[in-house]
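Let me begin by presenting the structure, written as structure tokens, before commenting on it.
The values are calculated or read from the model by the stated rules, or taken from the named source; none is laboratory data. Quantities reported herein were computed from a predicted structural model and do not represent experimental measurements. Ideal geometry is used to build each Cβ from the backbone, glycine not excepted, and the neighbour counts take in all protein chains shown.
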Amino acid sequence: MTVVEPADVRPYSARGFDGVVASGGYLRAETYRRELDVYSRLLEDLDRPFLGICLGLKILGRHYGARMRRIAPAVGTYRVHFVREYPLAPGILDCSVYQGHQFELIPPLPDVMENYATDGSPVQAVKIRGSERYGVQFHPELSGDPACQILENFVALCSRDRP
């Protein structure tokens with residue numbers, strides 16, 4: 001695994017990898033738009049599967065033109081309900097997940113973004129139509145089963161898609 005900071009992101013940053021996970025994190029108020037744009041440019045040329053987690057969902061949303069807003073901090077365990085079967089979570093109807101964020105995507109989403117889940121906030125899991133690009137607002141890496149299966153299924157997808 002390699003961690004790449006915004007200053008080091010280049011269009012070729014994903015070369016040699018089977019997929020990209022943009023994980024949770026914090027962007028400084030004075031530079032967040034510029035940093036989101038840097039990551040968005042990475043997505044322009046990315047030909048690998050992509051999973052955005054928390055901040056990664058924000059990156060995906062910014063790239064595809066979704067609207068977002070600041071909310072009261074959502075921190076702790078929440079129940080997520082899938083409104084239809086999420087490709088990275090087949091057979092899972094709902095699960096307990098860890099949340100830690102202050103922004104959310106708001107509907108209506110751009111047509112290319114399909115929404116799959118809610119926890120009372122409108123957008124918890126998305127897929128980009130016609131691609132292997134996914135995003136979740138919650139942290140499957142900090143959640144128990146079955147939410148952590150999302151990561152396992154993403155890794156399996158990346159392994160299948162090797163050239």
Total residues in the range 106-149, condition over 19 Å from Gly76 (Cα atoms) and of a type in the set (A, V, I, L, M): 6
Residues (under 18 Å from Tyr98 (Cβ atoms) and in contact with a helix residue (DSSP H, G or I) (Cβ under 9 Å, 6 or more places away or on another chain)) located in the range 108-123: Val123
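Conditions (1) surrounded by fewer than 15 Cβ atoms within 10 Å (Cβ to Cβ); (2) at pLDDT 95 or above; (3) aromatic (Phe, Trp, Tyr); (4) within 26 Å of Leu43 (Cα to Cα), marked per residue:
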site: Arg69; (1), (2), (3), (4): yes, no, no, yes
site: Gly76; (1), (2), (3), (4): yes, no, no, no
site: Val80; (1), (2), (3), (4): no, no, no, no
site: Phe103; (1), (2), (3), (4): no, no, yes, yes
site: Ile106; (1), (2), (3), (4): no, no, no, yes
site: Asp119; (1), (2), (3), (4): no, no, no, no
Given (1) within 27 Å of Phe17 (Cβ to Cβ); (2) over 13 Å from the mean Cα position of the chain (by Cα); (3) at pLDDT below 95; (4) among the hydrophobic types (A, V, I, L, M, F, W, C), index of the condition Val112 fails: (3)
Pairs where the first residue, in the range 83-101, is more than 16 Å from Thr118 (Cβ to Cβ) and the second is part of a strand (DSSP E or B) and at pLDDT 90 or above, C-beta under 7 Å, 6+ apart: Pro87/Lys127; Leu88/Tyr134; Tyr98/Thr77; Tyr98/His139; Gly100/Val75; Gly100/His139
Residue match in the range 24-33 (condition: surrounded by 22 or more Cβ atoms within 10 Å (Cβ to Cβ), among the small types (Gly, Ala, Ser) and in contact (Cβ under 8 Å) with a residue 40 or more places away in the chain): no
Unmet criterion (only one of (1) touching a Phe, Trp or Tyr at 6+ places or on another chain (Cβ under 7 Å); (2) touching a residue at least 60 places away in the same chain (Cβ under 8 Å)) for Val20: (2)
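Per-residue answers, yes or no, for (1) in contact with a strand residue (DSSP E or B) (Cβ under 8 Å, 6 or more places away or on another chain); (2) within 23 Å of Val20 (Cβ to Cβ):
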{"position": "Arg69", "(1), (2)": "yes, no"}
{"position": "Val75", "(1), (2)": "yes, no"}
{"position": "Arg79", "(1), (2)": "yes, no"}
{"position": "Lys127", "(1), (2)": "yes, yes"}
{"position": "His139", "(1), (2)": "yes, yes"}
{"position": "Leu142", "(1), (2)": "yes, yes"}
{"position": "Ser159", "(1), (2)": "no, yes"}
